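This is the structure, below, for whatever I ask next.
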Amino acid sequence: MDKQELLDVLEEQIIKEKEEKDAYGETDTWIGGYKDGRIDALTFAAKKAEWLDEPENPVVPKEFDEWYKEIQKKWSGNLAEQFALWKICQFGFGHGFEDARNRRIGADSLTNWVTNYKRKAIDAVLNGYIVEKEPMWVVRWGISYVIRFEIDSFSEWQVETSTNKDDALKFKNKIEPQEVADYIDGIVEKWSE
């Protein structure tokens, strides 16, 4: 049941209680007071339910996405979900982490992630997920960002810049931009979309 379904059920019950109360007529009778209390309680519950946030899909590493897609290729529909849940849940109980073909996956970043975030992995399979974006790095030089950097054969460098961070040259690791920053006396910053 999601938030809207809960609100609909509560609203229907409030209407039903009000109709029953109106059928009895008098509000100062014990039944009228009882119905008023039920209506107040349901109204209070409906207001609290409106505050609920819809659950957000968990963010998972790229390796998890690749692992689950491999399972979805081998198993169709609901079987893929059941197989993935089985693999996640059996992991750690005398079983190593396994792929779609029941081959043991060694100690890698995916195995470590599932070890530490088993509940999140289960939620991802059941409710969907968002794949974690790989971190990107840019080089800031003064108030501008490097969009092109070259070193010629005489170890002289040329740089082009832009004040728009989105135009900046993006690096997938922090080592390369640090080398550029060292040449031009710039600063390495993390970039995200």
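All of the numbers you see were taken from the coordinates with simple rules; none came from a lab. Nothing here was measured: the structure is a model prediction, and the numbers come from that model. Neighbour counts are summed over all protein chains in view; Cβ atoms, including those assigned to glycine, are modelled from backbone coordinates with ideal geometry.
Using only helices, what value at 222 nm comes out for the chain when you add -39,500 (n - 2.57) per DSSP H run of length 4 or more and divide by the total residues, to the nearest 500 deg cm²/dmol? Provide the component values of the computation, followed by the final result.
Working: 7 runs with 97 residues, N = 193.
So the calculated ellipticity at 222 nm is -16000 deg cm²/dmol.
Give me the angle, in degrees from 0 to 90, between the Cα long axis of helix 30-50 and the longest principal axis of the Cα atoms of the chain, rounded to the nearest 10.
10
Another question, then. Evaluate E = 1/(1 + (r/R0)^6) for Ala41 and Lys120, where r is the Cβ-Cβ distance and R0 equals 45 Å; express this FRET efficiency to the nearest 0.05. Don't skip to the end; give the middle numbers.
On the way: r = 35 Å, r/R0 = 0.78.
My answer for the efficiency is 0.80.
Moving on. Tell me which aspartates and glutamates have Cα within less than 13 Å of Lys174's Cα, excluding those fewer than 8 residues away on the same chain?
Reachable aspartates and glutamates: Glu134, Asp182, Glu189.
Shape of the chain from its Cα gyration tensor (a ≥ b ≥ c, root eigenvalues): rounded if a/c is under 1.5, otherwise prolate when a/b > b/c, or oblate?
Values: a/c = 4.53, a/b = 1.85, b/c = 2.45.
Judged from the Cα gyration tensor, the chain comes out oblate (a/c at least 1.5, b/c at or above a/b).
Which whole-Hz ³J(HN,Hα) couplings does region 88-95 yield from phi under the Karplus relation 6.51 cos²θ - 1.76 cosθ + 1.60, θ = phi - 60°, glycine and proline marked x?
Those phi angles translate into 5, 6, 7, 4, x, 10, x, 10 Hz.
If I take R0 = 41 Å and measure r between the Cβ atoms of Glu70 and Asp2 in this structure, what FRET efficiency does the formula 1/(1 + (r/R0)^6) give, to the nearest 0.05? Walk me through the numbers before you get to the answer.
Values: r = 30 Å, r/R0 = 0.73.
Calculated value: 0.85.
If we sort 11-18, 175-182, 154-161 on the protection proxy, mean other Cβ atoms within 10 Å, highest first, what's the order? It would help to have the intermediate numbers written out before the result.
Working: 11-18: 14.9, 175-182: 16.9, 154-161: 11.8.
Highest mean packing first, the order is 175-182, 11-18, 154-161.
Next up: Determine the sum of side-chain charges near Leu110: Lys and Arg each +1, Asp and Glu each -1, restricted to other residues whose C-beta is under 14 angstrom from that of Leu110. If you can, show how the numbers build up before the last one.
Values: positive: Lys62, Lys69, Lys87, Arg103, Arg104, Lys118, Lys120; negative: Glu63, Asp65, Glu66, Glu70, Glu98, Asp99, Asp108, Glu132.
Net charge in that neighbourhood comes out at -1.
Next up: I'd like the Karplus ³J(HN,Hα) series for region 147-160: coefficients 6.51, -1.76, 1.60, θ = phi - 60°, whole numbers in Hz, and an x wherever there's a Gly or Pro.
For region 147-160, the Karplus-derived couplings read 10, 8, 9, 9, 10, 8, 5, 9, 6, 9, 10, 10, 9, 10 Hz, x marking Gly and Pro.
What distance in nm lies between label points placed 7 Å from Cα along the C-beta direction at Asn78 and Glu156?
My value for the distance between the label points is 7.2 nm.
Considering the options Val188, Val131, Ala45, tell which one lies farthest towards the positive end of the dipole of the chain, charges being +1 on Lys and Arg and -1 on Asp and Glu at the Cβ, about the Cα centre.
Farthest towards the positive pole: Val131.
Taking the Cα centre of region 59-131 as origin and charging only Cβ (+1 Lys, Arg; -1 Asp, Glu), how large is the dipole, in debye to the nearest 20?
Details: 11 positive and 9 negative charges, 25 e Å.
Charge dipole of region 59-131: 120 debye, to the nearest 20.
Which residues' amide hydrogens lie under 5 Å from the amide hydrogen of Ala100, considering only partners 5 or more residues apart or on another chain, with H built in the peptide plane?
For Ala100, no residues qualify.
Quickly work out the Arg148-to-Asn57 label distance, labels modelled 7 Å from Cα along the C-beta direction, and quote it in nm with one decimal.
Using points 7 Å along Cα→Cβ, the separation is 3.8 nm.
Add +1 for every Lys or Arg and -1 for every Asp or Glu among the other residues with Cβ under 15 Å from the Cβ of Ala46, and state the total. Display every interim value, and only then the final one.
On the way: positive: Lys3, Lys16, Lys18, Arg38, Lys47, Lys48; negative: Asp2, Glu5, Asp8, Glu11, Glu12, Glu17, Asp40, Glu50.
Summing Lys and Arg as +1 and Asp and Glu as -1 gives -2.
Explain nothing, just compute: Karplus ³J(HN,Hα) = 6.51 cos²θ - 1.76 cosθ + 1.60, θ = phi - 60°, for every residue of region 55-62 in order, whole Hz, x for Gly and Pro.
Residue by residue, region 55-62 yields x, 8, 5, x, 8, 10, x, 4 Hz.
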